[in-house]
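Q: If you scroll down you'll find the structure; I have some questions about it.
The values are calculated or read from the model by the stated rules, or taken from the named source; none is laboratory data. Worth saying up front: this structure is predicted, and the values here are computed from it rather than measured. With ideal geometry, Cβ positions are generated from the backbone for all residues, glycine too; neighbour counts draw on all protein chains shown. Each accessible area value is taken on the protein alone, full model and side chains, heavy atoms only, with ligands, DNA and RNA left out. Shrake-Rupley method; radii C 1.70, N 1.55, O 1.52, S 1.80 Å.
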Amino acid sequence: MNLEEKTVSNKVVFQGHILRVHCDDALRADGKPCTREYIEHPGGACVLFVMDGKILLVRQYRYAYREETLEIPAGKLNPGEAPDVTAARELEEETGYKAARVEHMYTMYPTPGYTDEKIYIYRAYTAEEGESHPDDGEFVAARFYPVEEVKDMIERGEIKDAKTIIAVFSYLLSQKK
C-alpha cells in the first residue's frame, strides 16, 4: 500500500527568523483532498559529553515551557553547516569545551506530526576546556553531573528534554555491553 500524500499547493502563512509555517493543500493516499499544516525548521544538533563518569549539562530558561530545563548542549544548524560542526560549535559556545572528535549517534524527528525538524545527536570524545561564549541573549549555566544522578533525574521527570533522554539512555546502554 502506498501511503504517500501529494502536495497540490503550498502556502507559507508565517515567516519568522528561525521557522516558517506552511498550510498546504494535498491529496491523501486514498486521493481525497486534505489540508496539511507544518512548521519548516532548519534542524539542530546536540552533543553528549561524558568525562570522569559525569555528564555535561546546561541549564537554561525555555520560554515556550516557562521553565528552566537541563539539557545536553544543542543549537540550530546554520545555513550550509554540517550537523557535526554544529554539535562541536554548540559544545564550545555553551560550555567552553572544545571537542577533539564528535561521533554521530542518532538522528531524531522530535515531533513528526507537525514539523520537518531533525535533531542530530552526537557524542564528544575528549575535549579541551576553554571559555564559553554563548550567543547574544543566550544565558546558560554548564555543569557536570554524575551519570547515576542524571539517570535518576530522568526517572523522576526532572529532565524532560527528549534529545537529552535519548543520548543519556543510549550512553547507559552502551556501558552495559
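Q: Spin-label point model (7 Å from Cα, Cβ direction): what's the residue 115 to residue 162 distance in nm?
A: 0.9
Q: Could you work out the Kirkwood radius for the chain, taking every pair of different alpha carbons, averaging 1/r and inverting it, reported in Å?
A: 17.8
Q: For the range 97-177, give the share of DSSP beta bridges that are antiparallel, in percent and rounded to the nearest 5; count only bridges with both residues there.
A: Rounded to the nearest five, the antiparallel share is 100 percent.
Q: Counting only protein heavy atoms and a 1.4 Å probe, tell me what percentage of the range 1-80's accessible area is made up of carbon and sulfur.
A: 52
Q: Angle, helix 83-95 long axis vs. longest principal axis of the chain, Cα atoms, 0 to 90°, nearest 10?
A: Taking the Cα atoms of the chain, the angle to 83-95 is about 50 degrees.
Q: What ranking do 80-93, 15-28 get when scored by the average of other Cβ atoms within 10 Å per residue, highest first?
A: Result, highest mean Cβ count within 10 Å first: 80-93, 15-28.
Q: Against the longest principal axis of the chain, how steep is helix 162-175, in degrees 0 to 90 to the nearest 10, with axes from Cα atoms?
A: The helix 162-175 is inclined about 50 degrees to the chain.
Q: Once both labels are modelled 7 Å past Cα along the beta-carbon direction, what's the residue 52-residue 64 spacing in nm?
A: 3.6
Q: Continuing with this model, one more query. Using label points projected 7 Å from each Cα along Cα→Cβ, tell me how many nm separate residue 106 and residue 6, to one decimal.
A: 3.6
Q: Cross-link candidates for residue 151: which aspartates and glutamates have Cα within less than 17 Å, leaving aside residues fewer than 8 places away along the same chain?
A: Of all the aspartates and glutamates, those that pass the test against residue 151 - Cα under 17 Å, at least 8 places apart if same chain - are 52, 71, 161.
Q: Still on this structure, I have one more. Kindly report the accessible area of the chain per residue (heavy atoms of protein chains, probe 1.4 Å, no ligands, DNA or RNA), in Å².
A: Accessible surface, normalised per residue, equals 62 Å².
Q: Still on this model: Among the listed pairs 11/32; 32/160; 11/160, give every one whose C-alpha distance is greater than 28 Å.
A: Flagged as over cut-off: 32/160; 11/160.
Q: Okay, moving on. Tally Lys/Arg at +1 and Asp/Glu at -1 over every other residue whose Cβ is under 13 Å from the Cβ of residue 139; what's the total?
A: Taking every other residue near residue 139 into account, the sum is -4.
Q: Based solely on its DSSP helices, what 222 nm [θ] is calculated for the chain when runs of n ≥ 4 H residues each add -39,500 (n - 2.57) and the sum is averaged over all residues, nearest 500 deg cm²/dmol?
A: When only DSSP H runs of four or more count, the value is -6500 deg cm²/dmol.
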